[in-house]
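Read the figures in this text as sums done on the coordinates, not as results from a lab. These numbers come from a predicted model, not from an experiment. Don't worry about glycine lacking a Cβ; one is built from the backbone with ideal geometry, like all the others, and counts go over all protein chains shown.
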Amino acid sequence: MMATMKKPAPAFAAIGETPLTALPGVGTRVAEKLAARGLLTLQDLWLQLPRQYEDRTSLTPIRQLQPGVAAQAEGTVEAVERGFRYRPMLRVAIGDESRATLVLRFFHFRAAQVAQFVPGARVRCYGTPRAGQHGLEIVHPSYRVVDGEDATALGEQLDPVYPAIEGIGPASLRKLIGLALDRLPDTAELELLPPAVLRDRALPSLREALLTVHRPPQDADVAALSAGTHPAQRRLALEELLAHHLSLRRQRIALQAHAAPRLRGGALAERLRKALPFALTGAQQRVYEQILADLDKPMPMLRLMQGDVGSGKTVVAALSALLAIENGRQAALMAPTELLAEQHLSNLRGWLEPLGVRIAWLAGKVTGRARASVLAAVADGQAQFVVGTHALMQEGVVFKDLALAIVDEQHRFGVHQRLALRDKGSARNGDDPGVVPHQLVMTATPIPRTLAMAAYADLDVSAIDELPPGRTPVQTVVLSAERRPELIERIRGACAEGRQAYWVCTLIDDSDEVVAQAAQGTFEALSAALPEVRVGLVHGRMKPADKQATMRAFKEGAVDLLVATTVIEVGVDVPNASLMIVENAERLGLAQLHQLRGRVGRGSAASNCVLLYQSPLSAMARQRLETMRQTNDGFVIAEKDLELRGPGELLGTRQTGLAAFRVADLARDAGMLPVVHEIGEQLLREAPEIADKLVERWIGGAARYASA
Ligand code: ADP
Ligand code: MG
């Protein structure tokens, strides 16, 4: 019979992609506020996950409330005080059968609210108590006045708390999300993960997982939900990590659909190798060969060269650049700080100019006619190798024929900056815009393997996992700042023996200016205490020419003790320096300490690093310093860093948006990454349309938000 014929079920996309204006109560104004946060469709609201939960399923007697522990309590209004001292204030004291009093304190309130708090009224409130003037108080609790009828009815489930959205109150937001969830389709329409993946890991369906996290059932494991380890959350994290992985992989696939110039030969590079005062290490050789194989292909190389500080990445980059130059094209090297870029420039000049390579320098400080002439040389190909800072990415910089873009210390640049340099190669006049340069990114931040899988799924990774021979490991000691006088004597002795030393100044307030002042002060104090020692100073506020002059003097041995800010953290290379003192070392992260320490131990002399700390030390700082004392191995340090600080810090805030996961937490969920990788590759091979849907589901909205 015709009447029994069902309408075809709407495709998943149709429900998930329903605009939010379809919900009752969402007019254009509310829709705009939601859109400002990337929330456009029902699906976006389904994935707007609770940040935490409030447990209103029970009442805690006031006497048993504890500072810092969120709880629900109920009591009768005993006193109300409305004051105006520095700002309006309302204090309401409630008491309960446990014969204790709790103060509810409000700084913003309406007259209607005040009217509710008549003595004797029964108030139920939720919040985190703290110690106040008169016992415990809760500032701005959520509360309601309960009348006799529902006085006993408690919440049946944990209440989700959502990230705040400007202009939409928490209750309205909760209601909207509830309405969106009511339209959640059944599993057949919603599920994108292969059934076997869920079955093998005993993970719930997406529908079940979403309902669990948004509306935790009465018997839900509260502790697991709060910790983010509930199977429902793990399932969501798995899908989110997968979407992230797929998105990076797709970027790579899209990029590799472009052509890149094949770079072959190697005669010029061979000449550099012969001229070097050292032989490449096995690891350098291996990585160089991997790069050669990539450059020989007609599609763009996308390679990360990872190597601990001092492992010798620069020379491998130089050899690679020579391939581009030998093929009549250009190479560029971009570094995150001027100091580092300058140092590359001086190394590269020393190595490449004898081979007749024309190198150009471009930094922000290169202006006016000098800049115009550099830009002209870059544009007409006169400049074969362009070295510089972010200035390389600026508008107006047009390469004639960029074939290899090298980015040093990649973790300091965002992905977008990395890509901007690549785009410089496709802006060539009259050339095929489908051709892009090869990309080589270098980092000394050793990234644990699992994390690298997530952060760099769009790159091939090469590791220089061996240091040049003849280096002696740095001995590290941790000392209280009170022992500074002893230390100064030690520096006197070391300098008398012809050793050179760094004294690194750091502060909590690391604004350039304040640190520069502190460095200036230390410089003066050390100069006075050590009259026979030649002391130099570099900091970020100095003129580049002065900075360079001091660095050169240090490198040439005309300065014995260099007082510096962390500007020397990356890349600075003075092999004769064998002693480093780091002030306030407790304030630095492990990765940064490791970078700093990497400035010594570059020559054959035994080197020492002294980490000075101010007491008292926090437990975390103590662990960090202890780790530094125990090991020189960048990978061990990175793993420890990940454990202590989490991935956001380790990768830098400007990293790919890894910090912006909705449920996933790389430190907690790192164990899933190999599986994510496996499922991701399988989907790309066998079901690319599902891969597209996953990316759109998890990242589509966020991408719209980012570009808004
Ligand atoms: P990083 O990987 O930290 O950037 P660099 O490229 O600055 O390291 O190299 C550190 C130092 O080691 C430089 O002085 C460089 O010339 C030197 N070096 C590089 N490779 C070798 C090698 N194979 N043998 C000896 N010294 C090397
Ligand atoms: Mg380097």
Fewest to most neighbouring Cβ within 10 Å: what's the order for D546, D401, D692, D219?
D219, D546, D692, D401
What is the packing order of peptides 21-32, 171-182, taking the mean over residues of other C-beta atoms within 10 Å and listing the highest first?
171-182, 21-32
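Using a ≥ b ≥ c from the Cα gyration tensor of region 240-317 (square roots of the eigenvalues), is it rounded, prolate or oblate, where a/c under 1.5 gives rounded and otherwise the larger of a/b and b/c decides, a/b for prolate?
Oblate is the answer for region 240-317, as a/c is 1.5 or above yet b/c matches or exceeds a/b.
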Anisotropy class of the chain from Cα gyration tensor, a/c 1.5 cut:
oblate
Check which residues have an amide H placed less than 5 Å from A121's amide H, if you skip close sequence neighbours.
V77
Sites Q256 and I690, calculated FRET efficiency, Cβ-Cβ separation with R0 22 Å, nearest 0.05
0.55
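Could the peptides 34-42, 367-375, 260-268 be put in order, highest first, of the mean number of other beta-carbon atoms found within 10 Å of their residues?
Ranking, from highest mean packing down: 34-42, 260-268, 367-375.
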If every alpha-carbon in region 66-115 counts as one equal scatterer, what log10 I(q)/I(0) does Debye give at q = 0.18 1/Å?
-0.66
Inter-probe distance in nm under a simple model that places probes 7 Å from Cα toward Cβ, at E17 and R492
7.7
Between V461 and D200, what FRET efficiency follows from the Cβ-Cβ distance if R0 is 30 Å, with the result rounded to 0.05?
0.60
Can you give me the long-range amide H partners of V386? Hydrogens built in the peptide plane at 1.01 Å from N, cutoff under 5 Å, separation of 5 or more residues or another chain.
A331, A332, L333, A360
Integer Hz, Karplus 6.51/-1.76/1.60 couplings in order for region 329-335, x for Gly and Pro
10, 10, 10, 9, 10, 10, 10
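Of the DSSP beta bridges with both residues in the chain, give the percent that are antiparallel, rounding to the nearest 5.
Numbers: 32 of 86 bridges.
Looking only at bridges with both residues in the chain, the antiparallel portion is about 35 percent.
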List the residues whose amide H sits under 5 Å from the amide H of V563, counting only those 5 or more places along or on another chain, with H placed 1.01 Å from N in the peptide plane.
W503, G536, L537, V538
With label points built 7 Å along Cα→Cβ from the Cα atoms of Q66 and F109, find their separation and express it in nm.
2.9
Hey, rough spin-label estimate for L479 and A153, points 7 angstrom out along Cα→Cβ, what's it come to in nanometres?
7.0
Restricting to Cα pairs below 8 Å that are 6+ residues apart, what does the relative contact order work out to for region 169-233? Please round to a whole percent.
29
Please report S205, S615 as a ranked list, fewest other C-beta atoms within 10 angstrom at the top and most at the bottom.
S615, S205
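For the residues F554, F107, what sequence is obtained by ranking on other C-beta atoms within 10 Å, fewest first?
Fewest to most other Cβ atoms nearby, the residues stand as F107, F554.
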Would you kindly state how much longer the chain becomes between N576 and R29 on full extension, computed as 0.36 nm times their sequence separation minus their alpha carbon distance, in nm to one decimal?
190.4 nm
Just to verify a number: FRET efficiency for R271 and A293, C-beta to C-beta distance, R0 = 22 Å, to 0.05?
0.60
Restricting region 72-147 to trypsin sites (Lys or Arg not before Pro) in coil, as DSSP defines it, with at most 12 other Cβ within 10 Å:
R85, R99, R110
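Please work out whether region 483-606 counts as rounded, prolate or oblate from its C-alpha gyration tensor, where a ≥ b ≥ c are the square roots of the eigenvalues and a/c under 1.5 means rounded, while otherwise a/b larger than b/c means prolate and anything else oblate?
Numbers: a/c = 1.22, a/b = 1.19, b/c = 1.03.
Judged from the Cα gyration tensor, region 483-606 comes out rounded (a/c under 1.5).
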222 nm [θ] for the chain, helices only, -39500 (n - 2.57) per DSSP H run of 4+, per residue, to 500?
-12000 deg cm²/dmol
